[in-house]
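Take a look at the structure below.
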């Protein structure tokens with residue numbers, strides 16, 4: 001498998017990513033194939049505009065009901081907000097993947 005070299009985020013998360021307040025993302029099965037210790041270019045979902053590079057630290061499976069306040073904190077939101085957003089993006093999906101990352105270059 002060729003490591004993915006690109007990831008997209010909604011524009012509303014750009015400031016939190018660039019400031020280091022958002023340090024993980026939660027994705028579904030189709031978006032889980034990122035390899036630890038690889039760098040990825042980050043683009044906005046809406047406009048495909050590049051805005052930084054991240055290094056993938058690790059990818060861990062998680063069930064929706066096992067999301068915690070700590071996951072929400074690393075997403076820079078409350079647990080209720082996190083669960084609402086996840087349900088909006090991935091309705092009915094229980095198996096998710098937490099992708100931890102670190103900002104390489106803004």
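Residue check, residue 66 against (1) within 17 Å of residue 97 (Cβ to Cβ); (2) more than 12 Å from the chain's Cα centre (by Cα); (3) modelled with pLDDT under 95, all met but one. Which one?
(3)
When region 1-12 is examined, which residues are found to be surrounded by 13 or more Cβ atoms within 10 Å (Cβ to Cβ) and at pLDDT below 95?
3, 4
Taking only region 1-26 into account, find how many residues are touching a residue at least 40 places away in the same chain (Cβ under 8 Å) and either in a loop (DSSP other than H, G, I, E, B) or under 12 Å from the mean Cα position of the chain (by Cα) (or both). Before you say what the answer is, go through the steps one by one.
Kept after step one, since they are touching a residue at least 40 places away in the same chain (Cβ under 8 Å), are these residues of region 1-26: 7-8, 16-18, 20-26.
Imposing the further condition that a residue be either in a loop (DSSP other than H, G, I, E, B) or under 12 Å from the mean Cα position of the chain (by Cα) (or both) reduces the set to 7-8, 16-17, 20-26.
Of the residues in region 1-26, 11 are touching a residue at least 40 places away in the same chain (Cβ under 8 Å) and either in a loop (DSSP other than H, G, I, E, B) or under 12 Å from the mean Cα position of the chain (by Cα) (or both).
Select from region 19-40 the residues that are at negative phi and surrounded by fewer than 16 Cβ atoms within 10 Å (Cβ to Cβ) and list them in ascending order.
Listed by number, the residues that qualify are 19, 21, 28, 29, 30, 33, 35, 36, 38, 39.
Collect the residues in region 75-99 that are surrounded by fewer than 12 Cβ atoms within 10 Å (Cβ to Cβ) and touching a strand residue (DSSP E or B) at 6+ places or on another chain (Cβ under 9 Å), keeping them in residue-number order.
Across region 75-99, the qualifying residue is only 94.
Could you check residue 56 against (1) in contact with a helix residue (DSSP H, G or I) (Cβ under 8 Å, 6 or more places away or on another chain); (2) surrounded by 15 or more Cβ atoms within 10 Å (Cβ to Cβ) and say which number it fails?
(1)
The values are calculated or read from the model by the stated rules, or taken from the named source; none is laboratory data. Please read all numbers here as calculations on a predicted model, not as lab measurements. All Cβ positions, even for glycine, are placed from backbone atoms using ideal geometry, and neighbour counts span all protein chains on display.
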